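A.B. asks: Pasting a structure below so you can have a look.
The values are calculated or read from the model by the stated rules, or taken from the named source; none is laboratory data. Quantities reported herein were computed from a predicted structural model and do not represent experimental measurements. With ideal geometry, Cβ positions are generated from the backbone for all residues, glycine too; neighbour counts draw on all protein chains shown. Protein only, heavy atoms only, side chains kept; ligands, DNA and RNA dropped before computing areas. Shrake-Rupley method; radii C 1.70, N 1.55, O 1.52, S 1.80 Å.
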Amino acid sequence: WDNADFSRGVGTTFYQEFPTLNTAKPPFVRDVEAKIQRYLRSSYSAAWTLKITWEKAPAYSAWTDTQRTITYQAILTTDGFRSYVLMLYQEGGMQWDYTRLTATNVLIGYT
């Protein structure tokens, strides 16, 4: 994990909330539920979901390189008892020059 730097006006961050308790679920939430059911082999029905997107985010410090960016999402969801996070990365993976990052042992995702 490393810091994204939006100080040079490149890239953006946005979010979308999906409160779905007692309401019809949009296709995005049904897709999140299906992923959790498939990966965990468990029934799951979301009551609330939050999608956060970092789009074309340059690495810290952006003054060195604003051309190599990355787009990724964190999806937080809960049924009121269990909570999950999905980390999704754009096809093509990390575009940052890892040799210029503070830490060079880059890992996409978490362990």
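A.B. asks: With a Förster radius of 22 Å, plug the Cβ-Cβ distance of residue 34 and residue 90 into 1/(1 + (r/R0)^6) and report the FRET value to the nearest 0.05. Mind showing how you got there, number by number?
C.D. replies: On the way: r = 20 Å, r/R0 = 0.93.
Given R0 = 22 Å and the Cβ-Cβ separation, E is 0.60.
A.B. asks: For the full complex of protein chains and a 1.4 angstrom probe, list 17, 91, 33 by accessible area with the highest value first.
C.D. replies: Numbers: 17 105, 91 175, 33 20 Å².
Output order, biggest surface exposure first: 91, 17, 33.
A.B. asks: By how many nm would the segment from residue 78 to residue 13 grow when fully extended, if each residue of separation counts as 0.36 nm and the alpha-carbon distance is taken off? Kindly include the intermediate steps, with their values, before the conclusion.
C.D. replies: On the way: separation 65, 0.36 × 65 = 23.40 nm, distance 2.19 nm.
So the chain would gain 21.2 nm between residue 78 and residue 13.
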